[in-house]
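Undergrad: Sharing a structure with you now.
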Amino acid sequence: MKYDFAAIEQKWQEKWEKAGVFHAADHSDKPKFYGLVEFPYPSGAGMHVGHIKAYSGLEVVSRKRRMQGYNVLFPIGFDAYGLPTENYAIKTGIHPREVTDRNIARFTQQLKRVGFSFDWDRVVDTTEEKYYKWTQWIFLQMFEKGLVFRDTALVNYCPSCKVVLSNEDSQGGKCDICKSDIVQRSKDVWYLRITAYADRLLDGLETVEYPGNIKMQQVNWIGRSTGAFVNFGISGSDEKLRIYTTRPDTLFGVTFMVIAPEHPLIEKNRDRITNMDALEAYRAECAKKTEFERTQMNKDKTGVRIEGLCGIHPITGKQIPIYISDYVMMGYGTGAIMAVPAHDERDYAFAKKFGIDIIEVIRGGNVEKEAYTGEGEMVNSDFLNGISGKKESIARMIAELEKLGVGEEGVQYKMKDWAFNRQRYWGEPIPIVHCPTCGMVPVPYSELPLRLPAMENFAPGEGGESPLAKVESFVHCKCPRCGGAAKRETDTMPQWAGSSWYFLRYIDPLNEDALADPEKLRYWLPVDWYNGGMEHVTRHLIYSRFWHKFLFDLGVVPTDEPYAKRSAQGLILGPDGQKMSKSRGNVIDPLSVVDEFGADTLRVYILFMGDYGAAAPWSESSMRGCKRFLDRIVGLADTAKGNGVTSKNLESAFHRTIKKVSADIEEMKFNTAIAAMMELLNEIDKAGSVTVDEVKTLVSLLCPFAPHVCEEIWEKLGGQGLCSLAAWPVYDEAKTVSDTVEIAVQICGKLRAVVEMPTAASREEIAALAKADARVVAALEGKTIVKEIVVPGKIVNLVVK
RNA sequence: GCGGGUAUGGCGGAAUUGGCAGACGCGCUAGAUUCAGGUUCUAGUGGGGGCAACUUCGUGGAGGUUCAAGUCCUCUUACCCGCACCA
């Protein structure tokens, strides 16, 4: 039966808003549930079906929790600083503030039309002064604790966006925002010392409930390796060349050393090196390549030997040639390696190309043919000879190095410190003053927020200078320490800043004295369940864990980890099975679906499409099936008569469905939860009649998925109050089992009959009933049973000869 | 190259973790209702064989374990995702 979804949806959205049913209470005797979804970037394109899927999962969980009597915090906000808005503003001349406000208003309206149960009184916007005041406050706290520093570095620069990008934003050598090629530039940039938290970010993973693949990605991203630092000598000098290796056990197999082209050793020894021309030519060649190109050419090794300098082996004292090559990176370890060609594939390729000796120190392979990286007995290795455990030889070698004072155990991370700046307008100003006498001075806390100045032209300056540098009144200031003339920092923070702590602000969005009240933080934290996209697993998720741990150390937040549990939704693909994109023209607009089929249908379909965590293509006809389901539910309500239960069988089906839907929601198996309700509806149709009580139960189960139509039916059936606040149905385990059960009877593993028998039958009774079935009797004709397998409730298998 | 994942009808996907493969939905076929249908209802729908009861094959491929395998083991193929000269 078709229903007027447009009228119903508007009616109930208004009622919910008026009654404030989705407001979280700050203090409550109820158990709390904090469900968090990744807040959107309010782009000009408006909402995407992907947003709906991303929010629908915890929307259902949150609605279920409310019905279960929890005090639920399910907030939403806007991560509104960022380049697309700024670029749009530059193009159109409309101020980013105005663009942002407009986009937020549009998103808000769209989200409300889908009927999400967000607490709209707690909306945060990262670009508001009252919000970014605290982003700046956290930055200054980090500055005070020595976690903020400046360094000259080769940075990824996007010539199109005119902005310095982090490694994370320039993966694959392309700008994450505009997809143009990245070039390398030398620049003074801000860093956050996230590596200081590397171990804790790793160890903390043990204490949280994240899916295995997310943990794995974070572990790989942090990339901890243990090994040793070893100091090699330099011929004719008391200088040391320090290297990092994970295989100190192979130290006797070293036949050459390699340093990165940018390694300072070369500059320091200019006068002693006899082939500077060749080295500089090679360096110039490398500088032309982006980091991406450098890492792409991973097989063909190039390099130049440094003439006039030699390494000295720390134990044998042997002279060792040193090369420069771009297969060694300045950014990892010490920018220098000891090369053991016999047992490392890269060193092997290099040695073959340059005709360098290969010394086997671990037996087990054929070093004439290829590098051997496995384990084996140590040879040619002095005091290590005869040992065959890698662990033991490494430990012995490290002990020896420490005894001789030429090395020690060490740990390295792939993760680099976080380049924390943008030369753009639409971001949080970095609250630092550069004073000619005092150096870098933080803006006093009392002067926060340091406001983003009004500007007419926010196009970036040539050469990557921030547009803020053009605002004289902003730049020129007095040094907060000495009172002398000084200049403000003009860089702004990167887009990941505001999103690194937004979940804390939801807890107390209007607080003017603290980022949030400690009492409230203690009540709500940690976030019980956080859902978001896989694309944020290595950036946002690590950054925000880092900030949270820092705030924990400050005593600002009560938990070491911000998120107790994390899940991720899969993409919605276009009807053609391809990723949705404007250029492919396969984008589905959620609001046009709401117009045509209603918000409830959209919500049910998106969760019914398939595994919540997997990608699935859009199918309009499949969605129509969900509409049909809701229409049938509406029709069912009209035929409901009387109270109590219709029949024992149907009662049992209800209890089974309550059990399944309850459990499936907890595991985000929304597709099978909906399928179970469809099955129940089919059962009811078969039974031919249904009571008002039963329909109310079904509608309560469906309410988190399709809340508008459920409220309407609930009201029509005389339900108390709102369906959204009704008690979540409970099931009786005893009633989930029906009296009889169908048992499959196999003979030699082949299905021969299906026999209905009492659920309570004993093994013997089951076997007897099975053997009494006419078809089984026929099949057993002339055979002898050699084995009987009886699995109560499931199957009987008779093995015959 | 390393790490992780996936593979089931015409399609999206189920399968209580070793126990009737294909739930649920779409699509399709036939019939009914309707002036009409992108409506609604009824029945059917994995492949082959048979009028039928029934029978046989069947979860990317090849082996294996088991009374019993989509599920466990070995090998293999294809695709997807992440990292990528990390010393």
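The values are calculated or read from the model by the stated rules, or taken from the named source; none is laboratory data. Worth saying up front: this structure is predicted, and the values here are computed from it rather than measured. Here Cβ is always computed from backbone atoms with ideal geometry, including for glycine, and neighbour counts include all displayed protein chains. Surface accessibility is based on the protein's heavy atoms, side chains included, excluding ligands, DNA and RNA. Shrake-Rupley method; radii C 1.70, N 1.55, O 1.52, S 1.80 Å.
Undergrad: Can you say what percent of the DSSP beta bridges in chain A, counting only those with both residues inside, are antiparallel? Round to 5.
TA: Roughly 75 percent of the DSSP beta bridges within chain A come out antiparallel.
Undergrad: With angles folded into 0 to 90 degrees, how steeply does helix A:763-772 sit against the dominant principal axis of chain A? Use alpha carbons for both and round to 10.
TA: 60
Undergrad: Tell me the accessible surface of A:Arg488 in square angstrom (1.4 angstrom probe, heavy atoms of protein chains only), to the nearest ten.
TA: Its heavy atoms expose roughly 50 Å² to the probe.
Undergrad: Turning to a different aspect of this structure: About the Cα centre of chain A, what is the dipole size in debye to 20, counting +1 per Lys and Arg Cβ and -1 per Asp and Glu Cβ, all else neutral?
TA: 860
Undergrad: Still on this structure: Which of rounded, prolate, oblate describes region A:294-383, given a ≥ b ≥ c as roots of the alpha-carbon gyration tensor eigenvalues and a/c under 1.5 marking rounded, otherwise prolate only if a/b is larger than b/c?
TA: Oblate, because a/c is 1.5 or more while a/b does not exceed b/c.
Undergrad: Using only Cα atoms, locate the centre of region A:308-366 and the centre of region A:18-62, then give the distance between them in Å, rounded to an integer.
TA: 56
Undergrad: Go through region A:300-334 and name the trypsin sites (Lys or Arg not before Pro) that are in a DSSP coil and have 15 or fewer other Cβ atoms within 10 Å of their Cβ.
TA: A:Lys318
Undergrad: While we're here: Pairs to check: A:Lys565/A:Lys686; A:Lys15/A:Lys549; A:Lys130/A:Lys470. Give those whose C-alpha atoms are more than 30 Å from each other in this structure.
TA: Long pairs (Cα-Cα over 30 Å): A:Lys565/A:Lys686; A:Lys15/A:Lys549.
Undergrad: Excluding same-chain residues fewer than 8 positions from A:Lys771, which lysines have a Cα within less than 25 Å of its Cα?
TA: Candidates past the 8-residue exclusion: A:Lys750, A:Lys783, A:Lys787, A:Lys794, A:Lys801.
Undergrad: Please give the calculated 222 nm ellipticity per residue for chain A, where each DSSP H segment of at least 4 residues contributes -39500 (n - 2.57) and the sum is spread over every residue; nearest 500 deg cm²/dmol?
TA: Helix-only estimate at 222 nm: -11000 deg cm²/dmol.
Undergrad: Accessible area of chain A with a 1.4 Å probe: how many percent of it is carbon plus sulfur?
TA: 50
Undergrad: Right, next: Roughly what angle does helix A:129-144 make with the longest principal axis of chain A, taking Cα atoms, 0 to 90 degrees, to the nearest 10?
TA: 40
Undergrad: Heavy atoms only, 1.4 Å probe, whole protein assembly: order A:Asp560, A:Asp491 by accessible area, highest first.
TA: So the residues, ranked largest to smallest area, are A:Asp560, A:Asp491.
Undergrad: Now for a different question. State in Å² the accessible area per residue of chain A; use a 1.4 Å probe, count heavy atoms of protein chains only, and round to the nearest integer.
TA: Accessible surface, normalised per residue, equals 43 Å².
Undergrad: Same structure again: Using the alpha-carbon atoms, what tilt in degrees (0 to 90, nearest 10) does helix A:707-716 show relative to the longest principal axis of chain A?
TA: Its long axis makes an angle of about 20 degrees.
Undergrad: Count charges around A:Ala673 for me, please; just the other residues with Cβ under 12 Å from its Cβ, Lys/Arg as +1, Asp/Glu as -1.
TA: Overall, the nearby charge balance is 0.
Undergrad: Rounded, prolate or oblate: which one fits region A:216-362, using the alpha carbon gyration tensor with axes a ≥ b ≥ c (rounded when a/c is under 1.5, else prolate when a/b beats b/c, else oblate)?
TA: Verdict is rounded for region A:216-362.
Undergrad: Using a 1.4 Å probe and counting only protein heavy atoms, arrange A:Asp382, A:Asp528 so the residue with the most accessible area comes first.
TA: Greatest to least solvent exposure: A:Asp382, A:Asp528.
Undergrad: Then there is this: What shape does chain A have by the C-alpha gyration tensor, where a ≥ b ≥ c are the square roots of the eigenvalues, rounded means a/c under 1.5, and otherwise prolate means a/b greater than b/c and oblate the rest?
TA: In terms of gyration-tensor shape, oblate.
Undergrad: Using only the C-alpha atoms of region A:600-667, find the volume of their convex hull and express it per residue in Å³.
TA: Residue-normalised Cα hull volume stands at 111 Å³.
Undergrad: Then there's this: Where the centroid of each part is defined by its Cα atoms, how far is region A:76-139 from region A:511-553 in Å?
TA: 19
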